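Contents: one structure, followed by commentary.
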Amino acid sequence: MLVAEEAETITEFGGMPTPPSHIAIIMDGNGRWAKKRLLPKVAGHRKGAEVVRKCVKECSRIGVKYLTLYAFSSENWKRPEDEVKDLMGLLKHYLNNEIDQLNKQNVRLRFIGGRERLSPAINELIENAEKKTGANTGLQLILALNYGAQSEIVMAARELARQVAEGSLSPDDIDEGMFAKHLYLPDIPDPDVIIRTSGEQRLSNFLLWQAAYSEFIFVETLWPDFTEESIAEAICEYHKRERRYGARP
């Protein structure tokens, strides 16, 4: 745990090394936060959406270039129908009400994940958000919606297999770089650090390819309790790590 002075230094961005270029977060613990307070799960999700707003603002302020948030996984469809409906309602609310604020912050909003299971109304809002924020040059906020890393990898493999079958690609030409170009948003660098809240210590089918050399930070804090100071602590922990990418120290 950081002492208060260290966290304050990072929050104020004074004398601190540059923050990670790309932070990815598995936002976990909304349901447990609500249960502890004897509230319905949707209350936890609503509080979690407020934290997203603060997190985006803080990451934009301190100079993070990319922020990827695991908003809705392909496995989340297995949740109770009422909960899925509430989550989709919150997503619509976010896409309807946050775009102007994102524009003010010069934030570009992008998305990864399959869109075929999302409603036409949500897909329209997604396209509108991408168009309205597309020229922004600040933080790129990537929302993972109906996202599963295994499906993403299969998608890339299927496209490469199709090119091989058509004769336009030789199997010997396929390497890591080419494979990565067939994933979602290949122009975005892999995350430097992946944070998961709520104490769970697994990736849950999130960015499996891109996480090959990411630093993992697992925190006990439930997502609705995650704060600007929590971001500062995670960045401080990240800077304690020695990233060697397989090389000797």
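Within the range 179-210, track down each residue that is loosely packed, with under 13 Cβ neighbours inside 10 Å and hydroxyl-bearing (Ser, Thr, Tyr).
none
Look at the range 69-92 and say how many of its residues are surrounded by fewer than 13 Cβ atoms within 10 Å (Cβ to Cβ) and under 21 Å from Ile25 (Cα atoms).
Result for the range 69-92: 2.
Report every pair of residues separated by at least 6 positions or lying on different chains whose Cβ atoms are under 7 Å apart, first residue within the range 147-158 and in a helix (DSSP H, G or I), second modelled with pLDDT under 95.
Matching pairs, first to second residue: none at all.
Is it the case, given these coordinates, that Gly134 is farther than 19 Å from Pro186 by Cβ, touching a residue at least 24 places away in the same chain (Cβ under 8 Å) and not hydrophobic (A, V, I, L, M, F, W, C)?
Spelling it out, it is not the case that Gly134 is farther than 19 Å from Pro186 by Cβ, touching a residue at least 24 places away in the same chain (Cβ under 8 Å) and not hydrophobic (A, V, I, L, M, F, W, C).
List the number of the failed condition for Tyr238; all other conditions in (1) aromatic (Phe, Trp, Tyr); (2) free of Cβ contacts under 8 Å to residues at least 40 places away in the same chain; (3) touching an Asp or Glu at 6+ places or on another chain (Cβ under 9 Å) hold.
(2) is the only condition that Tyr238 fails.
Considering the range 83-138 alone, what residues qualify as being of a type outside the set (Gly, Ala, Ser), assigned to a loop (DSSP other than H, G, I, E, B) and under 26 Å from Ala156 (Cβ atoms)?
Matches in the range 83-138: Arg115, Glu116, Arg117, Leu118.
The values are calculated or read from the model by the stated rules, or taken from the named source; none is laboratory data. Predicted model, so just to flag it, every value in this text is computed and none were measured. No Cβ is skipped: glycine too gets one built from the backbone with ideal geometry, and neighbour counts run over all protein chains shown.
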